[in-house]
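Q: Please see the structure below; I have some questions.
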Amino acid sequence: MKNLLTLIFLLSFAQMTISAQDITEKNTDSLYYKALDFYKGKEYQKSLMLTNRALELAPEYHDIRILQVRNNWALDNLNEADDDLNILLKEAPQYVDTKPLALQRINRFTDKEEALVYLSRLEKFYPDESSFKIQKAQLLIKLKRRQEAREIALKSIEDTGISGADRYVLQTILNRTVSNEIAINYQLINFSKDYGRDPWHTVSAEFQHNIDRTAVIGRINYTDRAYDQGTLYELEAYPVINDRTYAFINAGFSNGDLFPDFRGSASLFYNFAQIFEAEIGGRLLNFNNSSFFTGIVGITAYSGSFYLNARTFLGPERVNQLVQNYQFNIRYYFGNADNYFFGRLGSGISPDERAIFTLVQNNPGLEAYYFNVGINKSLGIHHIIQIGGGYLFEDVNSETQGSQLLANLMYRYRF
């Protein structure tokens, strides 16, 4: 039996050798396309014999060497593939397919430390390439070296020429490199004389803890409306499902009349075509044992230094009126993800406006228009401040219009 197996092996080897020797084609283009057809048909060994022959005739034919790398990957010949990839990196690092091929090689390492060493070597060939810096930051996170990953992401996102897709990934990396955050936010609403109301003051305090890729937040909102006070307690999370999908979940409870007795929120976000992000979700609010649902759809584009978002809130239905909110949000990033100017333009009031949405519950058919502008600015790695202001114009009743001046100040500390 042993002798029979040996004979079969020798005959197979001889056949392969004969086949390789019988390749008499000398047109390298013809060899390449024949090899490519075999590769597409998953006949990798036959394709490899043709690429070997073609490289003997034309060792600088880069497309053939790239195909040979892919053949060896398919056959799990990593050392042989690395030899060819090293030749491409030395002789043609700027060839159109060399860099993407090198990036793909990183994903074939099972040992993340080895992948990091290899990536450091690639940086010598591509010192200014953002995709390699992003890969390095992602590897460092997997190795739980979060501070190093954060430093790379902060420096990379300052590049004004970075693509929207890369900016999106870097923002995700920065979010994953922080373990804890505390924040306090103050909001002032000053009413015009048409309302006959004193100013409203709302203070929110929150604590955020990041568990791997999921952010969990606890928040307390306290409002003083001169005639009454109320408190809303919230717990929310942003679980990351995969590299393209994450979710938002929120539950809130109140023991007063100024906030909903209960609010439940959920949205699903999906990144597609590199720079776009779609949202679908809903909000469920309970006031005085009555429940109201709001549906949400949104689309976001990350274009260079800009974040562009459109959202629609439809519902609830009150007194035969469908409450509607349409808004457009914009951010302009300067430096890193923590530094940006922001603005919002909208009509109607969404259920996410916790301090003023109760007005909609009382007057669902009245129209409202508003805008907000402001700045979010980091002061070092740990400190962030946000200052914003806005103006809201709405129907106070069917015969009277009024306006509100909105102002907020937020401080956040990361550690």
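The values are calculated or read from the model by the stated rules, or taken from the named source; none is laboratory data. Note that the structure is predicted; figures quoted are calculated from it, not measured. No Cβ is skipped: glycine too gets one built from the backbone with ideal geometry, and neighbour counts run over all protein chains shown. The area values use the complete protein model at the heavy-atom level, side chains included, leaving out ligands, DNA and RNA. Shrake-Rupley method; radii C 1.70, N 1.55, O 1.52, S 1.80 Å.
Q: Please determine, in degrees from 0 to 90 and to the nearest 10, the orientation of helix 44-57 with respect to the longest principal axis defined by the Cα atoms of the chain, where the helix direction is its Cα long axis.
A: Relative to the chain, helix 44-57 is tipped by roughly 70 degrees.
Q: Hey, in the GNM for the chain with a 10 angstrom Cα cutoff, which one of Tyr246, Tyr332, Tyr33 fluctuates hardest?
A: Tyr33
Q: Another question about this same structure. With charges only on Cβ, +1 for K and R and -1 for D and E, what is the dipole size of region 51-195 about its Cα centre, in debye, rounded to 20?
A: Numbers: 21 positive and 23 negative charges, 126 e Å.
With only Lys, Arg, Asp and Glu charged at Cβ, the dipole is about 600 debye.
Q: Turning to a different aspect of this structure: Rg(Cα) of region 208-287 divided by 2.2 N^0.38 Å?
A: Details: Rg = 15.5 Å, N = 80, 2.2 N^0.38 = 11.6 Å.
Dividing the Cα radius of gyration by 2.2 N^0.38 Å gives 1.34.
Q: What ranking, highest mean first, results for peptides 276-283, 90-97 when packing means the other Cβ atoms within 10 Å averaged over each residue? Spell out each step's value before the answer.
A: On the way: 276-283: 17.5, 90-97: 12.4.
Ranked from most to least packed, the peptides come out as 276-283, 90-97.
Q: Still on this structure: Quote the relative contact order of region 289-415 in percent (integer), defining contacts as alpha-carbon pairs under 8 Å separated by 6+ residues.
A: On the way: 273 pairs, mean separation 20.4, N = 127.
Relative contact order for region 289-415 comes out at 16 percent.
Q: So how strong a dipole does region 178-217 carry about its Cα centre when Lys and Arg Cβ are +1 and Asp and Glu Cβ are -1, to the nearest 20 debye?
A: Around 120 debye, computed over region 178-217.
Q: Going by alpha carbons, how many degrees (0 to 90, nearest 10) lie between the helix axis of 78-91 and the longest principal axis of the chain?
A: 80 degrees
Q: Shifting gears a bit: For the chain, build the charge dipole from Cβ charges (+1 Lys, Arg; -1 Asp, Glu) around the Cα centre, then report which of Thr28, Tyr369, Ala165 sits farthest towards its positive end.
A: Of the candidates, Thr28 comes out farthest on the positive side.
Q: Determine the calculated [θ] at 222 nm for the chain from helices alone, applying -39500 (n - 2.57) to every DSSP H run no shorter than 4 residues and normalising by the residue count; nearest 500 deg cm²/dmol.
A: On the way: 11 runs with 140 residues, N = 415.
Result for the chain: -10500 deg cm²/dmol, rounded to the nearest 500.
Q: Of Pro59, Leu235, Gln327, whose Cα points farthest to the positive end of the dipole of the chain (charges on the beta-carbon: +1 Lys, Arg; -1 Asp, Glu; origin at the Cα centre)?
A: Working it through, the farthest residue towards the positive pole turns out to be Pro59.
Q: For region 216-345, compute the orientation-averaged projected area of the C-alpha convex hull (one quarter of its surface), in nm².
A: 9.9 nm²
Q: Have a look at Thr28, Thr300, Thr245 and tell me which one the Gaussian network model of the chain (Cα, springs below 10 Å) gives the largest fluctuation.
A: Sorting by GNM fluctuation, first place goes to Thr28.
Q: With springs only between Cα atoms under 10 Å apart, run a GNM on the chain and tell me which of Leu379, Leu116, Leu314 wobbles the most.
A: So, out of Leu379, Leu116, Leu314, the one fluctuating most is Leu379.
Q: Moving on to the next point. To the nearest 20 debye, what charge dipole does the chain have about its Cα centre, counting +1 at the Cβ of each Lys and Arg and -1 at the Cβ of each Asp and Glu? Spell out each step's value before the answer.
A: Values: 42 positive and 48 negative charges, 138 e Å.
That gives the chain a dipole magnitude of about 660 debye.
Q: Which one of Phe393, Phe207, Leu75 is farthest out on the positive end of the charge dipole of the chain, using unit charges on Cβ (Lys, Arg +1; Asp, Glu -1) and the Cα centre as origin?
A: Leu75
Q: A further question on this structure: Can you sort Val117, Val69 by solvent-accessible area, 1.4 Å probe, largest first? All intermediate terms of the calculation are to be shown ahead of the outcome.
A: Values: Val117 105, Val69 0 Å².
I get Val117, Val69, largest accessible area first.
Q: To the nearest 10 degrees, how steep is helix 28-40 against the longest Cα principal axis of the chain, on a 0 to 90 scale?
A: Computed tilt is about 60 degrees.
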